[in-house]
Amino acid sequence: MKTARVIFEEDSHKWIALVRDPNRPDYLIDTNEYLVIDNNDAILLDPGGNEIFPAVFSALSTEFDPRKIRQIFASHQDPDIISSLSLWLEFNPELKCHISWLWAGFVPHFGGNKETFVAIPDGGADIAVGNQRLQAIPAHYLHSSGNFHLYDPKAKILFSGDVGAALLPPGEDGLFVEDFDRHIRHAEGFHRRWMGSEKAKNDWCSRVAQLDIEMMCPQHGAIYRGEQVRRFIDWFARLEVGVIRG
Amino acid sequence: MAAVTQDSGVELRRIVRTNEEIKSVVATASRINLMAMNAIFLAKRAGQTALGFGVLSNELRRFAMDLQKQMALLREMTYGSVATVTALVKQARVNRVLERTRKESGGSGLTLIDEFMRTRHGASSVRHREQIAALNRRLNQMIADTAQLVELGSVLARSAKIEAAYGGPFAAALMQVSSDFERTIGTIQRSLENLTKQQDV
Ligand SMILES: [Fe+2]
Ligand SMILES: [Fe+2]
């Protein structure tokens, strides 16, 4: 199963990262799932694919009662993000899934009904969890054309979906980025190929540069902390994206 | 739990087999209508020399129309059973993932998933057994109805063959038509027998 790691805790506000399953078959891309808890209410960020549901569920339940998860945030429509939706709904048919309006008619093919989905408008929206409000930050075309990140002003954490993702080789797959220059080599190819728009990239860089971020948590790879967040934004701003080779 | 998953697999394959057999019955039955039209046409040409055959050809035409209606019902039924089968496949898949989740879980997670699987399994397996039973009942009834109807067609075909002999210069042609009829109905009867056998297994 995966490991549940508490990456932030203050009062009754908590972030749990569900990471690194040693039994994951190598034909599935590795993913990170995050659970944000506030006052016994919780939202699950990018719950992952069908195949890894057992690993996520079992790790999660070591830290939190999965029946109390009231909401799901899906950064976009990909199978590694949200194809497990129907399984989560088995446990709690009342679950709400926040996703870009662009995908609100597509993702129900994975499960759920009219009541399940809360469409996020292009400009973003606030999502209440316990006593906190999390902010869905527009990140369109990075890589999905209807794409959001989630910012938590209390924890100062940005969940950045596929942005910041790195495909880490065994032995270099720690939860946190240690050596930025070493790490970023494993992110470069991914960002060049998956991120499609220079304009969208620059928009995102200037948008998140204004946020007070202490941790940036991607859906694949390792978490950026402190100064590494700024370094990532600078690196990304300079990187040429939307290229097949080079 | 593994047994339930396997059962639904067996059940699914059986339903798929049944549907394929029904499809072949429907395809054969669609030829009957054309044959009946042909028989009426021939009877008209034969006129006074084949009055008996003329009466029978009208009966055959009515039979062909009834058979078509019955086939429409069977097709609808097939469609309905595919929907049930799909739901079962989905349930079986969920069951498999839950079983894997159970194996990976410990502590409170394990308790939770055990409890969930018990209630879910109890409720869904009863529902599934009921659904499958209802499906089978309806199917058996429909196969029996169809067999009865086809038996009537078979009697008509035999009578037509007898009448054909009195068709004078048209006797050979009439014989040909009624033999085709009899053969086709025979094919349908064999398919229906297969279906009945499959239901009994
Ligand atoms: Fe993606
Ligand atoms: Fe992804």
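The values are calculated or read from the model by the stated rules, or taken from the named source; none is laboratory data. Predicted model, so just to flag it, every value in this text is computed and none were measured. Backbone-built Cβ (ideal geometry, glycine too); neighbour counts: all protein chains shown.
Within region A:37-50, can you find the residues that are within 14 Å of chain B (Cβ to nearest Cβ) and either basic (Lys, Arg) or surrounded by fewer than 22 Cβ atoms within 10 Å (Cβ to Cβ) (or both)?
Across region A:37-50, the qualifying residues are A:GLY49, A:ASN50.
Could you tell me which residue of region A:21-36 is farthest from A:GLY130 (Cα to Cα), considering only residues that are crowded, with 16+ Cβ neighbours inside 10 Å and within 15 Å of the chain's Cα centre (by Cα)?
A:ASP30
When you scan region A:108-122, do you find a residue that is within 16 Å of ligand 2 (Cβ to nearest atom) and either touching a residue at least 12 places away in the same chain (Cβ under 8 Å) or within 14 Å of chain B (Cβ to nearest Cβ) (or both), even just one?
yes
Name the one entry in B:ALA144, B:ALA160 that is modelled with pLDDT of 90 or more, away from chain A (no Cβ under 14 Å) and surrounded by fewer than 19 Cβ atoms within 10 Å (Cβ to Cβ). It would help to see each step written out before you state the result.
Working: B:ALA160 fails: surrounded by fewer than 19 Cβ atoms within 10 Å (Cβ to Cβ).
The conditions single out B:ALA144.
Suppose we filter A:GLY164, A:GLY221, A:GLY171, A:GLY196 for residues that are more than 18 Å from the chain's Cα centre (by Cα), within 16 Å of ligand 2 (Cβ to nearest atom) and away from chain B (no Cβ under 14 Å); which single one remains?
A:GLY196
Identify, by number, the condition in (1) away from every other protein chain (no Cβ under 14 Å); (2) surrounded by 22 or more Cβ atoms within 10 Å (Cβ to Cβ); (3) within 16 Å of ligand 2 (Cβ to nearest atom) that A:PRO79 doesn't meet.
It is condition (2) that A:PRO79 fails.
Residues to consider are A:PHE57, A:PHE53, A:PHE64; find the one that is surrounded by fewer than 23 Cβ atoms within 10 Å (Cβ to Cβ), away from ligand 1 (no atom under 15 Å from the Cβ), free of Cβ contacts under 8 Å to residues at least 60 places away in the same chain and within 13 Å of chain B (Cβ to nearest Cβ).
A:PHE64
Does at least one position in region A:17-32 carry a residue that is among the hydrophobic types (A, V, I, L, M, F, W, C), more than 15 Å from A:LYS2 (Cβ to Cβ) and in contact (Cβ under 8 Å) with a residue 24 or more places away in the chain?
no
Are any residues in region A:144-193 farther than 14 Å from A:ARG225 by Cα, within 16 Å of ligand 1 (Cβ to nearest atom) and of a type in the set (Ser, Thr, Tyr), and if so, which ones?
Listed by number, the residues that qualify are A:SER144, A:SER145.
Show the residue pairs meeting these rules: Cβ distance below 7 Å; 6+ apart or different chains; first residue within region B:143-161 and closer than 18 Å to B:SER179 by Cβ; second residue of a type in the set (Ser, Thr, Tyr) and in a helix (DSSP H, G or I).
Correct list of pairs: B:ALA157/B:SER178; B:ALA160/B:SER178; B:LYS161/B:SER178; B:LYS161/B:SER179.
Please give the number of the condition B:VAL94 fails out of (1) farther than 17 Å from A:LEU89 by Cβ; (2) within 12 Å of chain A (Cβ to nearest Cβ).
Result: B:VAL94 passes all but (1).
Please indicate, with yes or no, whether at least one residue in region B:67-85 is touching a helix residue (DSSP H, G or I) at 6+ places or on another chain (Cβ under 7 Å), within 14 Å of chain A (Cβ to nearest Cβ) and crowded, with 17+ Cβ neighbours inside 10 Å.
The answer is no, given that none of the residues of region B:67-85 is touching a helix residue (DSSP H, G or I) at 6+ places or on another chain (Cβ under 7 Å), within 14 Å of chain A (Cβ to nearest Cβ) and crowded, with 17+ Cβ neighbours inside 10 Å.
Give the residues of region A:204-233 that are over 16 Å from A:TYR151 (Cα atoms) and surrounded by 13 or more Cβ atoms within 10 Å (Cβ to Cβ), sorted by residue number.
A:HIS220, A:GLY221, A:ALA222, A:GLN228, A:ARG231, A:PHE232
What pairs come up if the first residue lies in region B:109-121 and is without any contact (Cβ under 8 Å) to a residue 24 or more places away in the chain and more than 10 Å from chain A (Cβ to nearest Cβ), the second is part of a helix (DSSP H, G or I) and not hydroxyl-bearing (Ser, Thr, Tyr), and their beta carbons are under 8 Å apart, counting only those six or more places apart or on different chains?
Note: pairs meeting the criteria are B:ASP114/B:ARG102.
Taking B:LEU88 as the residue in question, decide whether it is surrounded by 13 or more Cβ atoms within 10 Å (Cβ to Cβ), at pLDDT 85 or above and of a type outside the set (D, E, K, R). Outline the logic, then answer.
Working: surrounded by 13 or more Cβ atoms within 10 Å (Cβ to Cβ): yes; at pLDDT 85 or above: no; of a type outside the set (D, E, K, R): yes.
Here the answer is no, as B:LEU88 does not meet what is asked.
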